[in-house]
Structure formats: C-alpha cells, structure tokens
Amino acid sequence: MENVLVEKFTLSDLNLIKDSLQTDFDDFWNYNILEKELQNNSSIYLCCKLNSEIVGFAGISIILDTAELNNIVIKKDKRGNGYSSLLLDSLIKIVKSRDCKIFNLEVASTNTIAINLYKKFGFKQVGMRPKYYDGIDALLFTFYNF
Ligand SMILES: CC(C)(COP(=O)(O)OP(=O)(O)OC[C@H]1O[C@@H](n2cnc3c(N)ncnc32)[C@H](O)[C@@H]1OP(=O)(O)O)[C@@H](O)C(=O)NCCC(=O)NCCS
C-alpha cells in the first residue's frame, strides 16, 4: 500500500536527493541555495514522501505578517499525482496558523501548470513584472482566503 506523507524537509533529506536535484527535480534550485534556505530561521520547508522516497519539496519565508512562497518542486516522474497540492495545502495551514495576513508568490507567465495549481488554492493575480525572467513576464499572485 502506498504511504504518502508531508513532513519537515531537513538537511539530511536534502542530502539524500543532492545528486538527483538538478536532473530529476528542477534545475533552477541548486543544492547550495537550498542548504542556505534550510538554515534560514525565517524559512519553513516541507517535503512529500512516497513510501519514504522524497517526491517533492516546498518552502516559504515568513517575515512579520507576510509569507512568500520560495519554491515548490515535484520530482519529474511523480508529477500529476497531487503531491504539490498536498505540500501547498500544508503550507497554507502553516501560514494561517502563524497569523499571516499576506501570502505572496511569483511565477513565470509560461508556467501554466503552476499557475493552475495556485489558482486552485485561491491565489489571485495582483501584478506583473514585464520580462522579469529572461524575457518572460513574472506574475505576482496573492492568497486572500484568510
Ligand atoms: C508545478 C508543479 C509543482 C505541480 O506539481 P504536481 O504535483 O504535478 O501538481 P498536482 O498533481 O498537485 O496538481 C495540482 C494542480 O496543478 C494543475 N496541473 C497539474 N498538472 C497539470 C497539467 N499537466 N496541465 C495543466 N494543469 C496541471 C491542476 O490544476 C492540478 O489540480 P487538479 O489535479 O485538481 O486539477 C510541478 O509541475 C513542478 O514541480 N514543476 C517544476 C517546478 C515549478 O515550476 N514550480 C513552480 C514554480 S517555483
């Protein structure tokens, strides 16, 4: 039987996926950046495990009453199974429990799948940074369902 759980993403978890991070997850987030993120006191990171295998991770930063989604990444061969939804749902619960009033994120306008994910959870587009990522617009989304 499949066992899926969401729990704290630790440095030892990161070390388990160190060699497959760039190839199997996403080449945007490298080990050194994530290592720093996991040591940052204002960051909270979760991972999703399928039968103990790390299939995705996601993190937020919280400063005062404002949360920001830093990243959400699912292993390429495990996408489309609801794992990012589990992670985002857990992060939203954490953001609510910390009494945040604002939850922001930024996404490339070409990333339709991520945009669908964010809209599914009630994020609304509030702005745009033209040509922000190598000529691609960045869309700014905010969560309103507090
Ligand atoms: C974006 C990403 C995190 C989605 O993860 P996932 O686990 O595959 O997503 P889920 O299976 O939980 O699906 C969540 C929602 O995304 C949307 N979605 C998922 N796959 C989709 C697809 N192939 N086409 C269109 N929308 C899709 C749907 O709205 C879906 O909700 P639904 O199944 O209830 O309709 C994943 O594709 C990924 O890791 N991409 C690379 C990293 C990235 O771009 N991260 C976001 C910016 S930091």
Within segment 65-89, track down each residue that is under 18 Å from residue 141 (Cβ atoms) and either hydroxyl-bearing (Ser, Thr, Tyr) or part of a helix (DSSP H, G or I) (or both).
66, 84, 85, 87, 88, 89
Consider residue 126 against the criteria (1) hydrophobic (A, V, I, L, M, F, W, C); (2) in a strand (DSSP E or B); (3) within 16 Å of the ligand (Cβ to nearest atom): it satisfies all of them except one. Which criterion is unmet?
(3)
Evaluate the following for residue 132: is it among the hydroxyl-bearing types (Ser, Thr, Tyr), surrounded by fewer than 20 Cβ atoms within 10 Å (Cβ to Cβ) and more than 14 Å from the ligand (Cβ to nearest atom)?
no
Complete set of residues in segment 76-100 that are more than 8 Å from the ligand (Cβ to nearest atom), open to solvent by less than 90 Å² (accessible area, probe 1.4 Å) and without any contact (Cβ under 8 Å) to a residue 12 or more places away in the chain:
97
Tell me, please, whether a residue that is among the acidic types (Asp, Glu), under 22 Å from residue 22 (Cβ atoms) and at pLDDT 95 or above can be found in segment 129-143.
no
Take residue 58 and decide whether it is assigned to a strand (DSSP E or B), open to solvent by less than 40 Å² (accessible area, probe 1.4 Å) and within 12 Å of the ligand (Cβ to nearest atom).
yes
Looking at segment 26-39, can you tell me whether even one residue there is loosely packed, with under 12 Cβ neighbours inside 10 Å, over 13 Å from residue 56 (Cα atoms), of a type in the set (Asp, Glu) and within 16 Å of the chain's Cα centre (by Cα)?
yes
State whether the residues of segment 2-25 include one that is surrounded by fewer than 14 Cβ atoms within 10 Å (Cβ to Cβ), among the aromatic types (Phe, Trp, Tyr), out of contact with any Asp or Glu (no Cβ under 8 Å at 6 or more places or on another chain) and under 30 Å from residue 128 (Cα atoms).
no
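The values are calculated or read from the model by the stated rules, or taken from the named source; none is laboratory data. Computed from a predicted model, the values in this text were never measured in an experiment. Counting neighbours? That spans all protein chains shown, and the Cβs are built from the backbone with ideal geometry, glycine included. Calculation scope for accessible area: heavy atoms of the full protein, side chains included, ligands and nucleic acids excluded. Shrake-Rupley method; radii C 1.70, N 1.55, O 1.52, S 1.80 Å.
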